[in-house]
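Student: Take this structure, written in structure tokens, and hold onto it; I'll ask about it next.
The values are calculated or read from the model by the stated rules, or taken from the named source; none is laboratory data. If you're wondering where the values come from, they're calculated on a predicted model, not measured in any experiment. Don't worry about glycine lacking a Cβ; one is built from the backbone with ideal geometry, like all the others, and counts go over all protein chains shown. Note: accessible area is taken over every heavy atom of the protein model, side chains too, but ligands, DNA and RNA are not part of it. Shrake-Rupley method; radii C 1.70, N 1.55, O 1.52, S 1.80 Å.
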Amino acid sequence: MTERKQRFPWALLLIGLILGGGGGVWYAWFLNPVNLVDVDPGQLNATDQRAYVLLVSEAYLQDQDLERARSRLQPLRARDVATLVSEQADLALLNGDAASEVRALATLAEALGGNPLAAEVFSGTSQPTSMPEPITATFAGIPTVTSTPEQPTETPTLLIPTATATPDFLVETQLELVALEQVCEDDYPSGRIEVYVDDALERGMPGLAVQVDWVGNQDTFFTGLKPEKSAGYGDFQMESNQIYTVTLVGLAEPVVGIDSAPCFTDSGVSQLPTYQLVYAPSPPEEP
Amino acid sequence: MGRAFLTLLIGLGLGALAGAIFGWFRPIQDVSAGINELHPGYKADYTVMVGAAYAIDGDWDQVQTRLGRLEEPDPAAYVVVLAEQYIAEGRNPDDIRNLVRLAAHFGYTTPPMQPYLPPSPGQAVP
């Protein structure tokens, strides 16, 4: 008599595993998906992570506690928090976010050892790293300029900026001078070059470099440092009896012949004039 | 027959377990969370930072937007409770001041908050 040996039903086990596995996945994906609770900042979605980083930056502006800011950023598990904050600062600058936000991010990024572009505009604690070498001996012809401030020349040739301090992403936009006014009033600040730069939606554009040249000298200032006037506003204090050339670096033609010779107000007071230059995008060309 | 049925059941059970574990660890949906899902400790620190930012910029609309992200049913009550908790626990006075400033703007100040109120005249104290 021989006992018949029963074989293990492997096929049934396999079928069960496959069917059960499919059902399990379906349950986990659709019926009862993962729902995170009590997360740390590192598990936030990208938008909320940016909001969190901005908030850490603004809190740092108040308490100036770098270690605390660092510990608040640590849960984000970024490889380099300085780079993280720097990139967000530059992104905010590019997007034309509120100047206060860009300033907060740039300040924290710098404090962490980062080198955001936005810091050149807003923090005032670091020198621009992409400035050209000082230009010398390029102003020989300036005293003979005859154009008036009200009529800026279309083809200035006296000064050719040889380098640009403006990042490439800004050079793509072409702007033109849409208004140039001389102000000579008793109750208005005197001797300034005031630059307003607006985008196509008439919003001020912060972070743009404006180069000022006068005999043997050169200076650069940026828009956006006085957001209470306009996000796209920047100014420069002139010396008396100089001829200035103003260049919105990489974005518009230089404006020559800004003359700081004293003018007379309505009440007869002699003071330096203030010039207001307004830039806006060039209108589309006619077909 | 019984043995075969039992084997099939075991296979289904093991498969379902393995499938569910796989599905939870490899979700097909975005499982990143919003600020409302933060751990209560992080939520509290977030609120402190909102208060710090408010102390800098005074932008109340921004405060409301930021506190709204917490999705607390009553943001004012949440801030008041948190401020009192910080006071009771003897936390950082600057943090307490930031929270009390928010609570005061909501119109709620309680006796424990009095020492931390900013010296702004005309603040309503219930």
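Student: Tell me, please, whether a residue that is in contact with a Phe, Trp or Tyr (Cβ under 9 Å, 6 or more places away or on another chain) and either within 11 Å of another protein chain (Cβ to nearest Cβ) or closer than 30 Å to residue A:116 by Cα (or both) can be found in segment A:2-10.
Tutor: no
Student: Which of (1) in the same structural domain as residue B:99 (by TED's automatic domain parsing); (2) of a type in the set (Val, Ile, Thr); (3) farther than 20 Å from residue A:41 by Cβ is the odd one out, the single condition residue B:7 does not satisfy?
Tutor: Condition not satisfied by residue B:7: (1).
Student: Check whether at least one residue in segment B:51-68 is within 19 Å of residue A:39 (Cα to Cα), free of Cβ contacts under 8 Å to residues at least 12 places away in the same chain and within 9 Å of another protein chain (Cβ to nearest Cβ), and report yes or no.
Tutor: no
Student: Would you mind finding the one in A:50, A:72, A:77 that is within 26 Å of residue B:59 (Cα to Cα) and over 23 Å from the mean Cα position of the chain (by Cα)?
Tutor: A:72
Student: Of everything in segment B:93-114 that's open to solvent by 70 Å² or more (accessible area, probe 1.4 Å) and within 13 Å of chain A (Cβ to nearest Cβ), which residue is farthest from residue A:56 (Cα to Cα)?
Tutor: Out of the qualifying residues, it is B:97.
Student: Further question on the same structure: Does residue B:76 satisfy being surrounded by fewer than 19 Cβ atoms within 10 Å (Cβ to Cβ), among the hydrophobic types (A, V, I, L, M, F, W, C) and more than 14 Å from chain A (Cβ to nearest Cβ)?
Tutor: So residue B:76 passes the test.
Student: Scan B:86, B:46, B:42 and give me the residue that is open to solvent by 70 Å² or more (accessible area, probe 1.4 Å) and at pLDDT 95 or above.
Tutor: B:42
Student: Which of the residues belonging to segment A:250-274 are under 22 Å from residue A:199 (Cβ atoms) and open to solvent by less than 10 Å² (accessible area, probe 1.4 Å)?
Tutor: If the condition is that a residue be under 22 Å from residue A:199 (Cβ atoms) and open to solvent by less than 10 Å² (accessible area, probe 1.4 Å), then A:251, A:255 are the ones that fit.
Student: Okay, moving on. Need pairs with beta-carbon distance below 8 Å; first residue within 17 Å of residue A:40 (Cβ to Cβ) and within segment A:70-97, second at pLDDT below 95 and among the acidic types (Asp, Glu); sequence gap 6+ or separate chains.
Tutor: A:75/A:40
Student: Considering only residues that are touching a residue at least 12 places away in the same chain (Cβ under 8 Å) and either within 7 Å of chain A (Cβ to nearest Cβ) or in contact with a Cys (Cβ under 7 Å, 6 or more places away or on another chain) (or both), which ones fall in segment B:7-37?
Tutor: B:34, B:35
Student: Can you find, within segment A:23-32, the residue that is nearest to the chain's Cα centre (by Cα) among those that are surrounded by fewer than 19 Cβ atoms within 10 Å (Cβ to Cβ) and either outside any loop (DSSP other than H, G, I, E, B) or of a type in the set (Asp, Glu) (or both)?
Tutor: The selected residue is A:30.
Student: How many of the residues in segment A:221-248 are in contact (Cβ under 8 Å) with a residue 60 or more places away in the chain and open to solvent by 10 Å² or more (accessible area, probe 1.4 Å)?
Tutor: The number of residues fulfilling the criteria is 5.
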